[in-house]
Amino acid sequence: MMATNRDFGFVRITAAVPKVTVADPKQNADEILSILGSLQDSDIVVFPELSISSYSCGDLFHQAALLNSSLAGIKRIISNMPTSEQLVFVGAPISIGSALFNCSVALNSGKILGIAPKQFIPNYNEFYERRWFAPGPVGPVRQIELLGESVPFSPQLLFTHTLPTVQTDVVVYVEVCEAIWMPVPPSSMAAIAGANILCNQSASNEVIGKADYRRNLVQDQSGRCIAAYAYTSCAPTESTGDVVFGGHALIAEGGQLLCESDRVGNGNSVKRDSYWITSDVDVARLQTDRRRTTSYSDSEKYISSQNYQRIPFGLGKSARGLLRKVDALPFVPKDLRTLDNRCAEIFAIQTSALAKRIECLGPSPKITIGVSGGLDSTLALLVAARTCDLLSLPRTTILGVTMPGFGTTDMTLTNARELMRYLRVNSHEIDIRQGSLNQFLDLHKITGYQPFNKVKLSDNPTLDLFLKRLSRVRDKSHDLVFENVQARCRTELLMNLGFVIGTGDLSELWLGWCTYNADHQSMYNVNCSIPKTLVRFLVEYVAENEFSGGVRETLLSIAGTTISPELLPTDRKGAQRTEDTVGPYELHDFFIHHIVRNGYDPAKILFMAKHAKGWSRKYSLKQLKHWLRINLERAFAQQYKRDDVPNGPKVGSVGLSPRGDWRMPSDASPDIWLDF
């Protein structure tokens with residue numbers, strides 16, 4: 001049986017903005033029913049404040065005809081809902097005793113599940129609701145009689161539904177308009193009590209600048225509460241006697257805006273008919289984030305969850321096909337301005353971190369960097385150069401060393417030389433081939449080691465003879481000893497020269513794509529929490545924003561160079577290609593993000609990968625499974641390397657430092673992760 005969205009913890013929410021007829025509940029109920037007919041795949045549908053009667057009725061709220069018609073409108077919706085197996089929130093004026101309340105009415109399974117009265121009644125500036133409405137009572141949940149039923153009446157109602165496949169409860173709370181503008185919104189307390197989907201039925205008029213503040217409120221509240229927040233507001237078809245309502249709808253999750261509607265004043269044509277926005281929110285991930293944020297549960301001391309009444313609701317068949325953006329490159333913002341800002345911020349964090357470390361080296365510091373002409377070492381060298389500028393140190397403080405080996409290409413060697421020349425660092429070149437050959441010969445004496453099982457070392461060949469024999473080898477099978485000797489030779493030279501700045505990135509560290517006690521080690525690593533997909537953009541950012549002329553051309557050339565350790569000799573296909581062996585970095589960074597940041601299991605990661613947009617090529621499910629398996633196998637097998645890494649700055653929400661971020665047994669079994 002095919003898995004559905006809810007099987008992976010997704011719940012589909014719609015924030016609707018209906019066209020209203022002022023003071024005509026029958027017409028408004030019909031419009032709501034028409035909208036619901038188009039939203040049968042949605043699990044939760046939220047309509048604006050007083051959507052049955054319309055918000056702008058004024059003193060007509062004191063008219064029995066309007067109140068009775070509003071009750072009839074609720075009954076009409078209950079009796080004619082296209083599907084009863086969804087949770088629907090509508091707004092209506094409800095008279096109880098001698099008071100009138102502005103209420104959110106929750107509908108499900110052919111009945112009213114509960115009524116949440118508005119707690120905070122605005123009576124300032126253009127608002128004068130206290131003329132008509134009383135604030136919702138605070139205290140134990142009470143029962144009222146409405147439409148022949150006993151219904152819970154309280155601002156403290158939690159509507160719950162269990163998702164058994166992910167062992168997570170969907171817990172929904174609704175507040176009305178003004179609540180989110182309060183110093184402590186009621187939804188904050190509800191979130192502490194367990195609510196992970198927060199809804200707001202609002203009537204917010206448009207004035208200059210208000211939309212930005214409103215958007216920030218919704219986004220920030222979803223972030224503080226580690227919850228989803230669905231907000232919808234009255235449409236411009238409300239009365240415009242004194243104000244215009246913008247029809248603004250937003251859905252956010254964990255501090256991120258998932259989708260947003262048009263509104264009055266956003267530059268697009270004003271919508272006069274009903275419209276809505278829909279997104280799938282990930283309640284399973286939100287629960288993971290709450291568990292990870294161990295201080296979150298500490299706030300429970302500020303509330304008594306006993307004051308909340310939990311009311312179960314039913315859901316029908318779950319939808320398939322994800323209605324939310326899934327970025328193939330989660331570490332790389334799509335918006336160019338955001339990307340530029342992100343790159344500038346990361347570069348500043350790196351330079352600030354390295355500046356502090358260099359200050360600890362004394363009055364005349366010297367730092368060493370191995371410069372290969374590849375992306376990682378280029379970024380580290382750029383950071384070091386900018387750090388010297390920050391500290392008013394000459395760039396000759398940096399000793400840049402390029403160390404060509406058996407797989408070094410003319411392009412990368414030229415780029416390394418040119419980059420060091422342009423940056424005016426103290427540059428040197430050491431050919432490691434003879435030193436590596438000497439180690440091959442020593443290894444042969446002990447173990448009989450023969451590089452690639454074809455190049456004989458028994459006659460102690462010279463370097464020229466060895467290179468000639470190597471060039472005739474056609475079966476260049478992967479030889480780790482051949483690679484590791486060169487990698488350790490380079491690191492030994494660097495370590496003996498001075499304080500070494502590491503260049504390895506987060507993606508390499510997760511996969512263990514580094515030689516233990518070689519490029520795996522340094523005195524300080526400025527790239528340690530930057531994924532490979534972001535390194536290229538950082539180099540391009542620096543090229544476009546910090547340099548011009550030849551250095552810019554060199555940087556852009558480096559950014560466009562195939563990723564390679566350049567440890568194996570070139571063949572007819574050119575240089576050794578890292579991604580041919582370890583897999584596409586865009587996939588690995590996607591996997592890393594969802595494993596480390598979101599705690600997803602492999603089945604959910606594959607589900608997300610199939611819906612992701614922005615891959616450089618099309619991947620089949622078979623390919624996705626293959627590279628995910630490689631990712632997991634390497635991640636578990638290579639943890640011992642991550643347990644022993646140098647200091648370095650954390651720049652994003654994903655980090656692998658064994659001291660501050662990722663603590664994992666190096667002998668843990670991967671079996672349950674590989675069972676997919």
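The values are calculated or read from the model by the stated rules, or taken from the named source; none is laboratory data. Remember, predicted model here, so these are calculated numbers, not experimental data. Positions of Cβ are backbone-derived with ideal geometry, glycine not excepted, and every protein chain shown enters the neighbour counts. Accessible surface areas use protein heavy atoms only, side chains included; no ligands, DNA or RNA. Shrake-Rupley method; radii C 1.70, N 1.55, O 1.52, S 1.80 Å.
Just name the residue that is farthest from L628 (Cα to Cα) out of those in the range 475-517 that are in a helix (DSSP H, G or I) and of a type in the set (S, T, N, Q).
Only one residue tops the list, namely N496.
I'm trying to understand the selection: among the residues of the range 187-223, which are touching a Gly at 6+ places or on another chain (Cβ under 8 Å), at pLDDT 95 or above and of a type in the set (D, E, K, R)?
The answer is D220, and nothing else.
Which is surrounded by 24 or more Cβ atoms within 10 Å (Cβ to Cβ), part of a loop (DSSP other than H, G, I, E, B) and of a type in the set (V, I, T), of T387, T378, T408?
Selected residue: T408, the only one of T387, T378, T408 that is surrounded by 24 or more Cβ atoms within 10 Å (Cβ to Cβ), part of a loop (DSSP other than H, G, I, E, B) and of a type in the set (V, I, T).
In the range 98-108, how many are touching a helix residue (DSSP H, G or I) at 6+ places or on another chain (Cβ under 8 Å) and either assigned to a loop (DSSP other than H, G, I, E, B) or open to solvent by 10 Å² or more (accessible area, probe 1.4 Å) (or both)?
Restricting attention to the range 98-108, the residues satisfying the condition of being touching a helix residue (DSSP H, G or I) at 6+ places or on another chain (Cβ under 8 Å) are 100, 102, 105, 107.
If we keep only those that are either assigned to a loop (DSSP other than H, G, I, E, B) or open to solvent by 10 Å² or more (accessible area, probe 1.4 Å) (or both) too, we end up with 100.
Here the count works out to 1.
So which residues in the range 19-78 are among the β-branched types (V, I, T) and either outside any helix (DSSP H, G or I) or on the phi > 0 side of the Ramachandran plot (or both), if there are any at all?
First, pick out the residues of the range 19-78 that are among the β-branched types (V, I, T): 20-22, 32, 35, 44-46, 52, 74, 77-78.
Correct list: V20, T21, V22, I44, V45, V46, I52.
Among the residues of the range 383-397, is there at least one that is under 44 Å from the mean Cα position of the chain (by Cα) and closer than 30 Å to F482 by Cα?
No.
Based on this model, can you work out whether T338 counts as under 20 Å from the mean Cα position of the chain (by Cα), over 16 Å from S529 (Cβ atoms) and open to solvent by 30 Å² or more (accessible area, probe 1.4 Å)?
On the way: under 20 Å from the mean Cα position of the chain (by Cα): yes; over 16 Å from S529 (Cβ atoms): yes; open to solvent by 30 Å² or more (accessible area, probe 1.4 Å): yes.
Yes; evaluated as a whole, the condition is true for this residue.
Go through (1) surrounded by 13 or more Cβ atoms within 10 Å (Cβ to Cβ); (2) under 16 Å from the mean Cα position of the chain (by Cα) and name the single condition Y308 misses.
With respect to (1) surrounded by 13 or more Cβ atoms within 10 Å (Cβ to Cβ); (2) under 16 Å from the mean Cα position of the chain (by Cα), Y308 is out only on (2).
How about the range 84-97: which of its residues are in a loop (DSSP other than H, G, I, E, B) and either on the phi > 0 side of the Ramachandran plot or open to solvent by 30 Å² or more (accessible area, probe 1.4 Å) (or both)?
S84, E85, G97
Would you mind stating whether V264 is farther than 15 Å from I13 by Cβ and crowded, with 16+ Cβ neighbours inside 10 Å?
Yes, satisfied.
Check K111 against each of (1) touching a residue at least 40 places away in the same chain (Cβ under 8 Å); (2) open to solvent by 10 Å² or more (accessible area, probe 1.4 Å); (3) of a type in the set (D, E, K, R) and name the one condition it does not meet.
Answer for K111: the failing condition is (1).
Checking the conditions here, which among S372, S436 is of a type in the set (G, A, S), in contact (Cβ under 8 Å) with a residue 40 or more places away in the chain, closer than 20 Å to P569 by Cα and open to solvent by 50 Å² or more (accessible area, probe 1.4 Å)? Give the steps one after another, and end with the answer.
Values: S436 fails: open to solvent by 50 Å² or more (accessible area, probe 1.4 Å).
Step by step, each of S372, S436 is checked, and only S372 is of a type in the set (G, A, S), in contact (Cβ under 8 Å) with a residue 40 or more places away in the chain, closer than 20 Å to P569 by Cα and open to solvent by 50 Å² or more (accessible area, probe 1.4 Å).
Name the pairs: first residue in the range 649-672 and under 27 Å from R342 (Cα atoms), second residue open to solvent by 50 Å² or more (accessible area, probe 1.4 Å) and among the basic types (K, R), Cβ to Cβ under 7 Å, at least 6 apart or on different chains?
S653/R597; V654/R597; S657/K650; G660/K650; D661/K650
Could you please let me know if D24 is within 25 Å of D242 (Cα to Cα) and at pLDDT 95 or above?
yes
Free of Cβ contacts under 8 Å to residues at least 60 places away in the same chain, among the hydroxyl-bearing types (S, T, Y) and surrounded by fewer than 21 Cβ atoms within 10 Å (Cβ to Cβ): is that true of T581 in this structure?
So T581 fails the test.
Considering only residues that are under 28 Å from the mean Cα position of the chain (by Cα) and surrounded by fewer than 21 Cβ atoms within 10 Å (Cβ to Cβ), look in the range 220-253 and name the one that is farthest from R291 (Cα to Cα).
Per the criteria, the residue is D220.
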